[in-house]
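Let me begin by presenting the structure, written as structure tokens, before commenting on it.
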Amino acid sequence: MNHALCGLKVSSDLPLPDLLPWTGDDRATDIEIRLGDVPDRLEHAVHEGPLLQVTADGACRYAIANVAAYLVEGGRRVTVRPWMEPDAPDVRVFLLGSVFGVLCHQRGLLPLHAGCVEIGGRAVAFAGDSGAGKSTLTAAFLRRGHAVLADDVTVVDLAAPGGPLVLPSFPRIKLWRDAMDGLGLPADGLERSRAQLQKFHLPVESGFRAEPLPLAAIYHLHTAHDQRHAGIETLRGSVAVDALLDAVFRRQAALRMGRRGPLMAAAMRLTALPGLRLSRMPDLTALDATVAAIAARHEAPG
């Protein structure tokens, strides 16, 4: 079956319920995902780590013990050797996470560790480390009526003619049980990201924005230790550049692939957009007020 991912046509041997079916033209496949053999070691590797191996031409082997090994080549082909049932969600969570990030770097796209929503006809991204609250904030915007473009991995096309463009990815949000409870969302019947985790796939359905949007701003999430330090501040200069580099999804893998120059160029280009630090309390008490303040900031004329 063919699927759509970031406007690309994906042909896959594995079932990919996280993605929408392809409804575009009959063009050739952009990305092939195949079940097959993945070598234990790549020949002529320039980097060999416990999870990642990289060759001089940028091919990557990524492996998670007891889940699967993945070979990513040329930004076009992914070979998967599962060590569990191929349709297990564990196999997909790494395929559509770290492996997808590597694939984006190979294609010259910029993946950010961020969720993304539509506000005022443009894309607004929320970047941060795992556990920073990206998905919770994305779900809160969805609850307020804003369309979702991405969860956890926001893909930016820096070569788009009109400026940086967000390419929509997955019509679902991954949420921990406590976040779902706090947002009043039932977890019953939802698929878990991994069998042993209390993290669930929340379908976005009609709330998903399937068309690209220009990127308006990036918020970098931080935890405030008390309400006095909560709020929004503008980042400038080297601080803004460092924040953008920190937000690159699987940045170390990209560096191992020799993409230091393109990453720095991307960060410098994105500093033309508003870069903001959003410091918020770790609980959800002020979540609605935060969402309203951000929405008002970007819905305002001009």
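Computed from the coordinates by the stated procedures, all read-outs in this text should not be read as laboratory data. Values in this document were obtained by computation on a predicted structure and should not be read as measured data. Backbone-built Cβ (ideal geometry, glycine too); neighbour counts: all protein chains shown.
Summing charges over neighbours of E233, with a neighbour being any other residue whose Cβ is under 15 Å away from its Cβ, gives +4 when K and R count +1 and D and E count -1. Here the 3J(HN,Hα) profile of region 13-25, calculated from phi with Karplus coefficients 6.51, -1.76 and 1.60 at θ = phi - 60°, is 6, 8, x, 10, x, 5, 10, 7, x, 6, 10, x, 6 Hz, Gly and Pro shown as x. 3J(HN,Hα) couplings calculated from phi for region 276-282 with the Karplus curve 6.51 cos²θ - 1.76 cosθ + 1.60 (θ = phi - 60°) are, in sequence order, 10, 9, 9, 9, 9, 5, x Hz; Gly and Pro show x.
The length gained by stretching the chain between D242 and Q198 to full extension, at 0.36 nm per residue less their Cα-Cα distance, is 12.6 nm. Partner lysines whose Cα lies under 21 Å from the Cα of K134, excluding those fewer than 8 positions away in the same chain, are identified as K174, K199. Under the criterion of Cα pairs below 8 Å and six or more residues apart, the relative contact order for region 170-213 equals 47 percent. Distance from the Cα centroid of region 206-247 to that of region 262-284 is 4 Å (rounded to whole angstrom). Among residues other than M84 whose Cβ falls under 12 Å from its Cβ, what is the net charge (Lys/Arg +1, Asp/Glu -1)? The answer is 0.
Once the other residues with Cβ under 14 Å from the Cβ of D57 are scored (Lys, Arg +1; Asp, Glu -1), what is the net sum? Within the 14 Å Cβ shell, the charges total +3. Using the average count of surrounding beta-carbon atoms within 10 Å as a protection proxy, the listed peptides 248-257, 72-81 rank, highest first, as 248-257, 72-81.
Cβ neighbours within 10 Å, averaged per peptide: list 132-141, 32-41 in order, most packed at the top.
132-141, 32-41
Scanning residues 5 or more positions from H47 or on other chains, those with amide H under 5 Å from its amide H are V54, with H placed 1.01 Å from N in the peptide plane. Computed from the Cβ-Cβ distance with R0 of 41 Å, the FRET efficiency linking R27 to A56 stands at 0.85.
Computed from backbone phi, the HN-Hα couplings of region 74-90 come to x, x, 10, 9, 10, 9, 10, 10, x, 10, 9, 4, x, 8, 5, x, 4 Hz, rounded to whole numbers (Karplus: 6.51 cos²θ - 1.76 cosθ + 1.60, θ = phi - 60°; Gly and Pro given as x).
Of the chymotrypsin sites (Phe, Trp or Tyr not before Pro) found in region 1-71, none is in coil by DSSP with at most 14 other Cβ atoms within 10 Å of its Cβ.
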